[in-house]
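Taking it in order: structure first as structure tokens, then the write-up.
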Amino acid sequence: MTERRFTEAEVAAIFERAAQSQQTTPHPLPPGEGMTLADLQEIGREVGIPGELVARAAKSLDEGGREASRRFLGLPLGVGRTIDLDRRLSDDEWDRLVVDLRETFDARGTVRSEGSFRQWTNGNLQALLEPTARGHRVRLRTLNGSSRSLMTMGLGMLGISAVFLVSSTVAGAQGNPTAVAGLLSTIGLSMLGLGAVRLPSWARLRRAQMEGVAARLARAAQLLPPEAPSGGQA
């Protein structure tokens with residue numbers, strides 16, 4: 001099995017958690033490379049952080065899941081988080097996860113099951129439960145559809161404005177084509193700005209909500225009694 005390698009961002013997060021009040025600046029990593037847990041523990045020992053603290057911080061990072069994002073014009077149009085569990089969720093745990101999702105996102109949503117796959121969806125907001133070799137994987141993802149529509153229409157209006165101005169100039173149209181093109185551009189920029197301005201705060205909120213769901217999943221696993229079965233029917 002290939003040993004887990006941590007990216008530069010994950011390295012920084014691990015040392016931040018392991019050191020807590022201490023400040024550690026890991027060496028930058030070349031693109032496409034990473035560090036193993038043993039590498040991190042060696043660096044930790046050099047700066048006085050016990051290896052078990054580094055391992056615990058790395059485990060907590062994995063429990064929090066891997067963040068994903070989808071960008072449009074450099075803005076966070078979609079956010080997501082993938083949480084790999086080393087066990088299978090029981091039926092009761094899935095039900096409690098659905099309750100948590102409804103409370104966290106203030107949405108009732110719809111639950112569906114297809115064989116060993118389960119999902120909870122509310123519009124563009126989705127929570128997918130998938131089987132893996134070691135247990136279950138939870139995928140949380142969402143997309144800001146209204147902002148995408150506004151920004152797409154805004155870009156379309158800007159394109160129409162440019163085409164109108166060029167074609168009117170070439171054809172020698174009467175009137176004031178520049179004023180019409182300016183009006184279309186203003187409308188397009190307004191729609192583009194309206195769609196863009198809400199995205200950063202929306203993405204921060206959704207990331208925080210997904211992090212909370214992941215943290216509660218990890219905490220629930222730690223509270224399971226040793227004699228309890230680790231999974232149920234998918």
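Per-residue answers, yes or no, for (1) at pLDDT 75 or above; (2) among the hydrophobic types (A, V, I, L, M, F, W, C); (3) loosely packed, with under 12 Cβ neighbours inside 10 Å; (4) more than 23 Å from Arg219 (Cα to Cα):
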{"site": "Val11", "(1), (2), (3), (4)": "yes, yes, no, no"}
{"site": "Ile14", "(1), (2), (3), (4)": "yes, yes, no, no"}
{"site": "Gly44", "(1), (2), (3), (4)": "yes, no, no, yes"}
{"site": "Ala55", "(1), (2), (3), (4)": "no, yes, no, no"}
{"site": "Leu77", "(1), (2), (3), (4)": "yes, yes, no, yes"}
| Members of region 161-183 that are hydroxyl-bearing (Ser, Thr, Tyr) and touching a residue at least 12 places away in the same chain (Cβ under 8 Å) | Ser161, Ser168, Thr178
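Let's see how each residue does on (1) part of a helix (DSSP H, G or I); (2) at pLDDT 90 or above:
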{"site": "Ala127", "(1), (2)": "no, yes"}
{"site": "Glu130", "(1), (2)": "no, yes"}
{"site": "Ser146", "(1), (2)": "yes, yes"}
{"site": "Ser149", "(1), (2)": "yes, yes"}
{"site": "Thr152", "(1), (2)": "yes, yes"}
{"site": "Ala162", "(1), (2)": "yes, yes"}
{"site": "Ala181", "(1), (2)": "yes, no"}
| Condition met for Thr132 (of a type in the set (Ser, Thr, Tyr) and without any contact (Cβ under 8 Å) to a residue 60 or more places away in the chain) | yes
| Hey, Leu158 hits all of (1) in contact with a Ser or Thr (Cβ under 7 Å, 6 or more places away or on another chain); (2) free of Cβ contacts under 8 Å to residues at least 24 places away in the same chain; (3) over 17 Å from Gly80 (Cα atoms) but one; which does it fall short on? | (2)
| Selection count, region 16-40, where residues are under 24 Å from Ala214 (Cβ atoms) and modelled with pLDDT of 60 or more | 9
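The values are calculated or read from the model by the stated rules, or taken from the named source; none is laboratory data. What you see is a predicted model; the values in this text were computed from it and never measured. As a convention, Cβ positions derive from the backbone with ideal geometry for all residues, glycine included, and neighbour counts pool all protein chains shown.
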